[in-house]
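Below is one structure; the comments refer to it alone.
Every number here is computed from the coordinates shown, using simple stated rules; none is lab data. Source: prediction; values computed, not measured. FYI the Cβ positions are ideal-geometry reconstructions off the backbone, even for glycines, and counts take in every protein chain you see.
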Amino acid sequence: MIEIRDLSKRYGSVVAVDGLNFDVLPGRVTGFLGPNGAGKSTTMRMIMGLDRPSTGSARIDGKPYRRLRDPLRRVGALLEAGAAHGGRTAYHHLLWLAQSNRIGRRRVREVIELVGLDSVADKPVGEFSLGMSQRLGIAGALLGDPDALLFDEPVNGLDPEGIHWIRTLMRGLAAEGRSVFVSSHLMSEMALTADHLVVIGRGRLLADTGMAEFVQRDASSYTRIRTPEPERMRQVLDAAGIQVRTGADGALEARGPRQRTIGELAAVNGLIVDELSPQAASLEEAFMRLTAEAVEYHAGDLPEGGRR
């Protein structure tokens, strides 16, 4: 179990993480979401003892990381896929990690096989693709067979087969009673993987809830409408008191009413309809609504001192 209590991190006048409180419980995959700059990576680094909190604590089974004996046996993490010496082979990279925590050579071979790197185990890590480096990082996280696991953007660089594999792996680890904490920008993948969500924005906690509850609370189903006369359709729907907006692809999105009601309104007003389809509430929509005021950089924005 991972416990976060009043956790904050300041860099001078900048507050990267601001008083977070949440738990990563055993037996489920907890998704960690937030816009760029929200403080996700900083939070994970503090859990792993790589950054010291300004206030508060991050504990694994009741202890901070630095007080864990043989820490790889308690918690494994993939925070940076490239964190391996390019001149070492995959096998020797994992071997020195294992020896540092009194883990046997047999386990090194087991995790290499588990992540699918058997054929390249004796190749230098510097020759690895991003996807292969991700698999090596995951092997390192699994090396001590820990009860708690952290993955920061684990699907980066993976092909569809690899993404399916890591999703199945994480859900399997949680089913074994482990605490699995994973961040990702891929909403579609997170929707298939996570049971619970922790969402932050500008370093502050925005949500700590189950996946289904989050989507139901912060998103809604709607009817997608495509017509050659969108402005007339909008006027008809507005007059009927139906909320409507224009989607990213130009189609109209009507909230609330069933398709039959919209179809009848279109028929009465002589409107042609090319598409009238129900759309379920989505994690992406819920996330965008919740974090709309917490996005640090919008399209067209530049950080201070940046150039186009």
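Over the chain, the reciprocal of the mean inverse Cα-Cα separation, the Kirkwood hydrodynamic radius, stands at 21.8 Å.
Note on the chain: dipole from Cβ charges, positive end direction compared against 37, 93, 130; the farthest Cα belongs to 93. When both the range 176-211 and the range 48-127 are represented by their alpha-carbon centers, they are found 23 Å apart. Three principal axis extents of the range 221-280 based on alpha-carbon atoms, in descending order, are 27, 20, 17 Å. Rounded to the nearest 20, the Cβ-based charge dipole of the range 221-280 about its Cα centre (Lys and Arg +1, Asp and Glu -1) stands at 200 debye. For the range 69-186, a/c is not less than 1.5, where a ≥ b ≥ c are the root eigenvalues of the C-alpha gyration tensor, and a/b does not top b/c. That puts it in the oblate class.
The 3J(HN,Hα) values that the Karplus relation (6.51, -1.76, 1.60; θ = phi - 60°) gives for the range 147-152 are, in residue order, 8, 10, 9, 10, 10, 9 Hz. Gly and Pro appear as x. Most mobile of 159, 145, 238 per a Gaussian network model of the chain (Cα springs, under 10 Å)? Checking each option, the largest mean-square fluctuation is seen for 238. For the range 7-113, the Stokes-Einstein estimate of translational diffusion at 4 °C and a viscosity of 1.567 mPa s comes to 81 µm²/s, using the Kirkwood hydrodynamic radius over alpha-carbon pairs. Charged side chains reduced to their Cβ positions (Lys and Arg at +1, Asp and Glu at -1) give the chain a dipole of some 1140 debye around its Cα centre.
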